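The values are calculated or read from the model by the stated rules, or taken from the named source; none is laboratory data. Note that the coordinates shown come from a computational prediction; the quantities given were computed from them, not determined experimentally. With ideal geometry, Cβ positions are generated from the backbone for all residues, glycine too; neighbour counts draw on all protein chains shown.
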Amino acid sequence: MKKIIDKIWEYIRSNPKKFFFQVAFALFVVWIFFDDYGIVKRIRMESEHRVLLDRQKYEQKKILENELRIQHAHEPDSIEKAAREKYNFRKPGETLFIIKTR
């Protein structure tokens, strides 16, 4: 272990400028990757942005479906359909089968 440390000190003493620039470059690379605006955080934020865009599309689709339901809410067939699908209502004499999907 002592031999390794001696070799490192020997290198530093013989090339102080080169060592300084190597350390400065290493610190710069670490700063670029792991700073608040670094590459790692940027990649994480881009991933989260894609997830949020997908969720926004899904919610927009739900809004459109609900607007269509509201437009057709006063029709008797629409009310019957909603009662059957959402609340499992049935007409007298009908058999109700509930199929759950994942």
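Assorted remarks:
- Residue tally, condition surrounded by fewer than 10 Cβ atoms within 10 Å (Cβ to Cβ) and over 37 Å from the mean Cα position of the chain (by Cα), over the range 86-99: 7
Yes/no per residue for (1) under 12 Å from the mean Cα position of the chain (by Cα); (2) surrounded by 10 or more Cβ atoms within 10 Å (Cβ to Cβ); (3) at pLDDT below 95:
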{"residue": "44", "(1), (2), (3)": "yes, yes, yes"}
{"residue": "47", "(1), (2), (3)": "yes, yes, no"}
{"residue": "55", "(1), (2), (3)": "yes, yes, no"}
{"residue": "61", "(1), (2), (3)": "no, yes, no"}
{"residue": "68", "(1), (2), (3)": "no, yes, yes"}
{"residue": "73", "(1), (2), (3)": "no, yes, yes"}
{"residue": "77", "(1), (2), (3)": "no, no, yes"}
{"residue": "81", "(1), (2), (3)": "no, yes, yes"}
{"residue": "84", "(1), (2), (3)": "no, yes, yes"}
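- The residue that is nearest to residue 11 (Cα to Cα), counting only those in the range 22-41 that are surrounded by 11 or more Cβ atoms within 10 Å (Cβ to Cβ) and among the charged types (D, E, K, R), is 35.
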